[in-house]
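Novice: Structure in structure tokens, see below.
The values are calculated or read from the model by the stated rules, or taken from the named source; none is laboratory data. Quantities reported herein were computed from a predicted structural model and do not represent experimental measurements. As a convention, Cβ positions derive from the backbone with ideal geometry for all residues, glycine included, and neighbour counts pool all protein chains shown. Each accessible area value is taken on the protein alone, full model and side chains, heavy atoms only, with ligands, DNA and RNA left out. Shrake-Rupley method; radii C 1.70, N 1.55, O 1.52, S 1.80 Å.
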Amino acid sequence: MEGVIALYIVMLAAFAGYEVIARVPVILHTPLMSGSNFVHGIVLVGAMVALGGAGTPLEQAIGFIGVVLGAGNAVGGYVVTERMLEMFRASGDRKKTKESA
Amino acid sequence: MGGWLPDDVATLLIDASYLLVAFLFIMGLKAMSSPVTARRGIVVAGVGMLIGTVMSFLYPGMGNFPLMLAAIAIGGGLAWWSGRIVAMTDMPQMIALYNGMGGGAAAAIAAVELLRMASAQPDAAAAHGPVVTALAAAGAFIGSVSFSGSLIAFGKLQGLIRRSFRFKGQQFVNLLIVAATLAIGASVVVAGHPTTQTIVLFFALALLLGVTMTLPIGGADMPVVISLYNAFTGLAVAFEGFVLENAAMIIAGIVVGSAGTLLTQLMAKAMNRSLGNVLFSGFGEGEVAAGGGVTGSLKPIEPSDAGVMMAFAQKVIVVPGYGMAVAQAQHKVWELCQLLIEKGVMVRFAIHPVAGRMPGHMNVLLAEAGVPYDLISDLDEINAEFETADVALVIGANDVVNPVARTDKGSPIYGMPILNADKAKNVLVIKRGQGAGFSGIENHLFYLDNTRMVYGDAQKVAGALIHAVKAAG
């Protein structure tokens, strides 16, 4: 990738991250930290590429550990974030779920 | 597996899918910024992750597929299982654990890349320019620190590590480790053809730094540290994204790095601590003087009388603290509030940014008990309302309602934003015993003329209050 293009990507992504978080209410800080933790679980993809190209047994072992850890980051991050956010309900929603139950 | 597609087609498909992944991640995070759409947000981001993972199997020239699938099954399965069973009160350390895994994965990518450089012919190694090598090493360094540091944070919050290890000159030792690691990293970049021993030493030092940096930090400051390591992992992932020329990793990593840095600052500010202060000094140990000058006395009240007081109030503001969650009283408290609401009492929950173990944690615990989020207000929204409240019900909260933070310049918590519970007409404090808060500071709120103490386990007291409110007819 061209160095300058990469720098553009970095700058824009940094602004995007900042803007997206800047408007988050405090009540969502914990799920949000967990959610952003999930997003960097994309490291799984890189770990797969590293393992996919590994030649020596040592490289394979480290690549294997990398994929295990990356998959843990992605799946664990998703499960706990989803569990937390699933519980957030407004007063109106509550009544609806009560009636349907 | 990618063999059945021409390489250029596979590459194009992967690139296109990564663009979609980046789009879905940012849309997902944006949706997570409102409680109405938050649930949809994580699902959107999850779809992105699934697409990215599946498409990555198409990479031309990849091997080791059985190993890869086994690793995904093991890591994903264990994380899925642990994520399902973890209690909501233990959420902060689980986030730390999963975050550490991400940092470890980024470090592993760097390790494989650097080892490949070590084993390759000198001319082949030149394919990685010094810039890419430097980025790989930087990602390895940050990712390793995040990995071992997060594991220590997990251990501390989980209660596996109970002591804070400090010794004289600790900062100096940490600085030495940083300098040594950077020097070795620089030598790898300059040489371009590192030995395996150098690489092992580099990683060992970086992992050690994560441990020595995190061990001295007290449990109360851990949320800030976890948030910082979250940003670290994001950066490490982005750096390895450069090495692998993987746009999805660069964008996702930088977005998290920048968002995480902002989130860390917000948290540190809410706790009235600067980031440097959290990292380089202990809290609650040493020279904290128990604030003198308390006037008045602690005035106990029976739950039955307290219940009557609330039943005939017009407006009650509940201030929950971590003590409530420890006593698992949130369900009973919400039952009590529902009773009051049925009687026509206006009920609000006031949440301090550091209630619970990290900002927003208390909201999760209340949501679990079924409290609708529109009854929950944060500090800025609710503070002006305490003056019109008949009762402020403080449950297991202490320092966050201590008025000395406003008045006593000598107090360690001076300047910390607090909930103005003392401005309410009556204050009821449910508390286990007469001890001070985690910081060891006397709470002047408890001694005010309009404050009454209800002693006992929060869950039992809430049950007694429910009885009293029912009896008040």
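Novice: Conditions first: (1) open to solvent by less than 10 Å² (accessible area, probe 1.4 Å); (2) at the interface with chain A (Cβ under 7 Å from one of its Cβ atoms); (3) closer than 26 Å to A:Leu32 by Cα. B:Val112 passes all but one, so which condition is the exception?
Specialist: (3)
Novice: I need a count of the residues in the stretch A:1-25 that are farther than 19 Å from B:Ala31 by Cα, open to solvent by 40 Å² or more (accessible area, probe 1.4 Å) and small (Gly, Ala, Ser).
Specialist: 1
Novice: Could I ask something else about it? Please report, ordered by residue number, the helices (runs of 4 or more DSSP H) entirely within the stretch B:246-359 with at least 1 residues that are modelled with pLDDT of 90 or more and of a type in the set (Gly, Ala, Ser).
Specialist: Hits in the stretch B:246-359: B:247-270, B:303-311.
Novice: Restricting the search to the stretch B:55-69, which residues are touching a helix residue (DSSP H, G or I) at 6+ places or on another chain (Cβ under 8 Å), part of a helix (DSSP H, G or I) and free of Cβ contacts under 8 Å to residues at least 24 places away in the same chain?
Specialist: Within the stretch B:55-69, B:Leu67, B:Met68 meet the criteria.
Novice: Tally time: how many residues in the stretch B:6-40 are under 19 Å from A:Val39 (Cβ atoms), more than 9 Å from chain A (Cβ to nearest Cβ) and assigned to a loop (DSSP other than H, G, I, E, B)?
Specialist: 1
Novice: Looking only at the stretch B:11-28, count every residue that is aliphatic (A, V, I, L, M) and exposed (fewer than 14 other Cβ atoms within 10 Å of the Cβ) and tell me the total.
Specialist: 3
Novice: Is there a residue being over 30 Å from B:Met362 (Cβ atoms) and facing chain A (nearest Cβ under 7 Å) anywhere in the stretch B:45-55?
Specialist: Yes, that holds for at least one residue.
Novice: For B:Gly159, are the conditions met, namely being in contact (Cβ under 8 Å) with a residue 60 or more places away in the chain and either under 27 Å from the mean Cα position of the chain (by Cα) or open to solvent by 40 Å² or more (accessible area, probe 1.4 Å) (or both)?
Specialist: No; evaluated as a whole, the condition is false for this residue.
Novice: Could you tell me whether the stretch B:380-388 includes any residue that is modelled with pLDDT of 90 or more and open to solvent by less than 20 Å² (accessible area, probe 1.4 Å)?
Specialist: yes
Novice: What number goes with the only condition from (1) within 16 Å of the chain's Cα centre (by Cα); (2) open to solvent by 50 Å² or more (accessible area, probe 1.4 Å); (3) of a type in the set (Asp, Glu) that A:Glu82 does not pass?
Specialist: Here A:Glu82 clears every test but (2).
Novice: I'd like the full set of residues that are open to solvent by 10 Å² or more (accessible area, probe 1.4 Å) and either among the β-branched types (Val, Ile, Thr) or part of a helix (DSSP H, G or I) (or both), limited to the stretch B:235-245.
Specialist: Of everything in the stretch B:235-245, those that are open to solvent by 10 Å² or more (accessible area, probe 1.4 Å) and either among the β-branched types (Val, Ile, Thr) or part of a helix (DSSP H, G or I) (or both) turn out to be B:Leu235, B:Phe239, B:Phe242, B:Val243, B:Leu244.
Novice: Inspect all residues belonging to the stretch A:88-101 and state whether any of them is surrounded by 24 or more Cβ atoms within 10 Å (Cβ to Cβ), in a helix (DSSP H, G or I) and either more than 7 Å from chain B (Cβ to nearest Cβ) or at pLDDT below 95 (or both).
Specialist: Among the residues of the stretch A:88-101, not one is surrounded by 24 or more Cβ atoms within 10 Å (Cβ to Cβ), in a helix (DSSP H, G or I) and either more than 7 Å from chain B (Cβ to nearest Cβ) or at pLDDT below 95 (or both), which makes the answer no.
Novice: Taking A:Asn37 as meeting all but one of (1) free of Cβ contacts under 8 Å to residues at least 12 places away in the same chain; (2) within 30 Å of B:Pro359 (Cβ to Cβ); (3) within 7 Å of chain B (Cβ to nearest Cβ), write down the number of the exception.
Specialist: A:Asn37 satisfies all of (1) free of Cβ contacts under 8 Å to residues at least 12 places away in the same chain; (2) within 30 Å of B:Pro359 (Cβ to Cβ); (3) within 7 Å of chain B (Cβ to nearest Cβ) except (1).
Novice: Could you tell me which residue of the stretch B:81-102 is surrounded by the fewest Cβ atoms within 10 Å (Cβ to Cβ), considering only residues that are more than 8 Å from every other protein chain (Cβ to nearest Cβ) and either β-branched (Val, Ile, Thr) or in contact with a His (Cβ under 8 Å, 6 or more places away or on another chain) (or both)?
Specialist: B:Ile85
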